[in-house]
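The next block holds one structure in the form of structure tokens; read it before the comments.
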Amino acid sequence: MRLRLGLPKGSLQEATFDMLGRAGYEVSVGSRSYYPRIDDPEIEPVLMRAQEIPRYVAAGALDAGLSGLDWVVESDADVVEVCDLVYSKARHAPARWVVAVAQDSAIRLPKDLQGKRIATEIVNVTRKYLAGKGVEAEVEFSWGATEVKVPEMGDAIVELTETGLSLAANDLRVLDTVMDTNTKFVANKKAWEDSWKRQKIEALSVLLQGALMGQANVGLKMNVARADVDKVLKLLPALRQPTISALTNEAWVAVETVLDEREARELIPELRRAGAEGIVEYRLNKVIP
């Protein structure tokens, strides 16, 4: 038995392969192939557009797949949402679909979109957003390069942004957020009811979440005099509690913890001042809470 797994082709492909690598899977694909090689004979990966994956998972052509919440909602796919995987091509944070207009546009509020023309890839989501605002507007599907359609070919766009830099570079102003989105690991309902496939999906979910947590965190080891332990422990966050181990020198202990990489750069000088010595920072492949 094999698990047929949909992986996003395009902008998310490299980040997805990197995450799988951190999770312990070796994945590779030829430049023209849609069938990656993976070192797990029980997984059959297929590359396709993220927009299509929820639809094929819901239909049973795929047992599970990675796609955005936006495409799950846009396609109204009836799938099992196994877990959130918050990563993107640019950074490990959710992205936003936003309404944007030209910098000099007279449109200032969502209600000003009444009767206007809006271009977007997420037509259904945009229509639901407008309905929620009590606004009627013409929403047309955009095949890409959506930023160039304002103002000559439309009054506004609904576009995905992670940093906002592309919108600013095209002289566009964000009017409102339509929805936040991030990658979802989704499963077909029948596959989820199959005990073997569910166990495989759940195991993959644990490893992928662990890989993302490992990428965002680092490990710290240090030696601390027993007299300074309380001062050091007050500075340290941890998933549970820092690990304290005895050393051959009974006056000293080894302290080890896991923390956010950004916290580490602020804490290391403070730990040194509090009496920690021999501080070692190391990267993690996976962190399983």
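For region 111-120, state whether one or more residues are β-branched (Val, Ile, Thr) and either within 22 Å of residue 173 (Cβ to Cβ) or touching a Cys at 6+ places or on another chain (Cβ under 6 Å) (or both).
Taking every residue of region 111-120 in turn, at least one turns out to be β-branched (Val, Ile, Thr) and either within 22 Å of residue 173 (Cβ to Cβ) or touching a Cys at 6+ places or on another chain (Cβ under 6 Å) (or both).
Quick grid of which residues meet (1) of a type outside the set (D, E, K, R); (2) exposed (fewer than 13 other Cβ atoms within 10 Å of the Cβ); (3) out of contact with any Asp or Glu (no Cβ under 6 Å at 6 or more places or on another chain); (4) at pLDDT 95 or above:
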{"position": "29", "(1), (2), (3), (4)": "yes, no, yes, no"}
{"position": "58", "(1), (2), (3), (4)": "yes, no, no, yes"}
{"position": "61", "(1), (2), (3), (4)": "yes, no, yes, yes"}
{"position": "79", "(1), (2), (3), (4)": "yes, no, yes, yes"}
{"position": "89", "(1), (2), (3), (4)": "no, no, yes, no"}
{"position": "99", "(1), (2), (3), (4)": "yes, no, no, yes"}
{"position": "116", "(1), (2), (3), (4)": "no, no, no, yes"}
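Of all residues in region 208-233 being in a helix (DSSP H, G or I) and of a type in the set (Gly, Ala, Ser), which is nearest to residue 260 (Cα to Cα)?
216
Assigned to a helix (DSSP H, G or I) and over 20 Å from residue 199 (Cα atoms): is that true of residue 57 in this structure?
Here the answer is no, as residue 57 does not meet what is asked.
Restricted to region 260-289, and to residues that are β-branched (Val, Ile, Thr) and without any contact (Cβ under 8 Å) to a residue 60 or more places away in the chain, which residue is surrounded by the most Cβ atoms within 10 Å (Cβ to Cβ)? Walk me through how you get there before you give the answer.
Of all residues in region 260-289, those β-branched (Val, Ile, Thr) come to 268, 279-280, 287-288.
So of that shortlist, the ones also without any contact (Cβ under 8 Å) to a residue 60 or more places away in the chain come out as 268, 279.
Details: 268: 15, 279: 17.
Across region 260-289, the extreme among qualifying residues is 279.
Hey, any hits in region 72-81 for a residue that's assigned by TED's automatic domain parsing to the domain that holds residue 43, outside any helix (DSSP H, G or I), under 19 Å from residue 49 (Cβ atoms) and among the aliphatic types (A, V, I, L, M)?
yes
Take residue 156 and decide whether it is at pLDDT 95 or above, exposed (fewer than 13 other Cβ atoms within 10 Å of the Cβ) and over 22 Å from residue 44 (Cβ atoms).
When the stated conditions are applied, residue 156 does not pass them.
Could you say whether any residue in region 131-152 is touching an Asp or Glu at 6+ places or on another chain (Cβ under 6 Å), within 22 Å of residue 75 (Cα to Cα) and modelled with pLDDT under 95?
Yes, region 131-152 contains a residue that is touching an Asp or Glu at 6+ places or on another chain (Cβ under 6 Å), within 22 Å of residue 75 (Cα to Cα) and modelled with pLDDT under 95.
Quick check: anything in region 59-79 closer than 22 Å to residue 165 by Cβ, under 14 Å from the mean Cα position of the chain (by Cα) and not acidic (Asp, Glu)?
Within region 59-79, the first condition is being closer than 22 Å to residue 165 by Cβ, and the residues that meet it are 68, 70.
Remaining after also requiring under 14 Å from the mean Cα position of the chain (by Cα): 68, 70.
Now narrow it down to the ones that are not acidic (Asp, Glu): 68.
Checked region 59-79: at least one residue is closer than 22 Å to residue 165 by Cβ, under 14 Å from the mean Cα position of the chain (by Cα) and not acidic (Asp, Glu).
The values are calculated or read from the model by the stated rules, or taken from the named source; none is laboratory data. Here the structure is a predicted model, which is why all the values come from computation and not from measurement. Virtual Cβ from ideal backbone geometry, glycine too; neighbours counted across all protein chains shown.
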